[in-house]
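Colleague: Before I ask anything, here is the structure I am working with.
Each value in this text was obtained by applying a stated rule to the coordinates, not by laboratory testing. All of these numbers come straight from a predicted model, not from anything done at the bench. As a convention, Cβ positions derive from the backbone with ideal geometry for all residues, glycine included, and neighbour counts pool all protein chains shown.
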Amino acid sequence: MIKDIHSGGTRSRRGSTRRLAAAASLAIAATAVLTGPAVAAPASSNANSASECSGRSIPASKISIQMFSYAGWTRSVGTEAVLAELSDIGYKNVEPFSGTYEGRTAEQFAELLGEYGLKAPTSHGSTNEAQFDATIAYAKTIGQKYMGSGGSASPGISTLENTLATADALNRLGERSKKAGTGKIFVHNHQGEFTTQFADPETGEIKSAWEILVENTDPRYVTFQLDVLWAADAGIDVVQLIEEHGDRIELLHVKDGLLNGDARAIPTDVGEGEIDWAPILDAAQGSVKYYVVERDGAPATREFAEDSFNFLTCYSF
């Protein structure tokens, strides 16, 4: 559980100092690239209020952001400065990926998240079975509710036999995680989980590796983090997939982009690509617990995070 260091609604002296330090980091980075006259910083942007939203909305408490999106920005200004911006925009959750975040221990990273009112319910970490106890310990310290990685477990999906063995591994890891209190383990897809297909040895029916993992994992221990853009890029009808398997999809990677024919899709800010989000988000409500925005290689500004957050808190019918 993340320790609450707020007192009486006023941030502690240490928290104020951290905010000033984070702001200073951003100011230094901006000075290095701006040559024009100084301008006032934009006002803090928060979730659209009900009176401002003419569409439907995802509650801010369910919106998260994959920190890999800002790997470049983080290297430039530091983790704390980026977390300060995300908190200012209105984010309540982040999804870390494997890394030490400037050498911080799990306890130090949990404290830093608490400084900015952020939680880490999910993470892209390790699924190495031999080291999974250490992975669980880290996850418990930062308050995770789900375990997982940027893909799946070993041995992967290169053959039907490997896919079935991966399902078995996920069941083992998920059971360990659930019993330890860190929740189910999830599978995160790219295109390959859908484009890799095998014939069912009993029926001859052609099924994707993703479907085989769904059918051979225990829903008590294993769930799925559906990456919308990569599924769409693989030719999947995402709405139909959610309607058919919604009870197995508790996490959504909200990634938008330009579908590029046979070439890889080009990621964009959420709401600025070719994904038709309204029916997808409508289908997801009721089963999806967290909506995690992501853009591979997002520019080193707050624009992607802000645009995507504002879109989710007020998306059109």
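Colleague: Suppose R0 equals 25 Å. What FRET efficiency, 1/(1 + (r/R0)^6) with r the Cβ-Cβ distance, do LYS179 and ALA130 give to the nearest 0.05?
Modeller: It comes out at approximately 0.90.
Colleague: Work out the FRET efficiency for ASP168 and ARG75 from their Cβ-Cβ distance, taking R0 = 45 Å, and round it to the nearest 0.05.
Modeller: Once rounded, the FRET efficiency stands at 0.75.
Colleague: Give the residue list of GluC sites (Glu not before Pro) in the range 95-162 that are DSSP loop and have at most 16 other beta-carbon atoms within 10 angstrom.
Modeller: GLU102
Colleague: Spin-label point model (7 Å from Cα, Cβ direction): what's the SER98 to ASP200 distance in nm?
Modeller: Between SER98 and ASP200, the label points sit 3.4 nm apart.
Colleague: Right, something else. Got a sec? How would ASP307, ASP233, ASP133 order by Cβ neighbour count within 10 Å, fewest to most?
Modeller: Placing the least packed residue first, the sequence is ASP133, ASP307, ASP233.
Colleague: Nearest-5 percent of antiparallel DSSP beta bridges in the range 60-312?
Modeller: Here the antiparallel bridges make up roughly 25 percent for the range 60-312.
Colleague: Here's a follow-up. Of the peptides 184-196, 253-265, 87-99, how do they stack up when ordered by the mean number of other Cβ atoms within 10 Å, highest first?
Modeller: Packing proxy ranking, top to bottom: 184-196, 87-99, 253-265.
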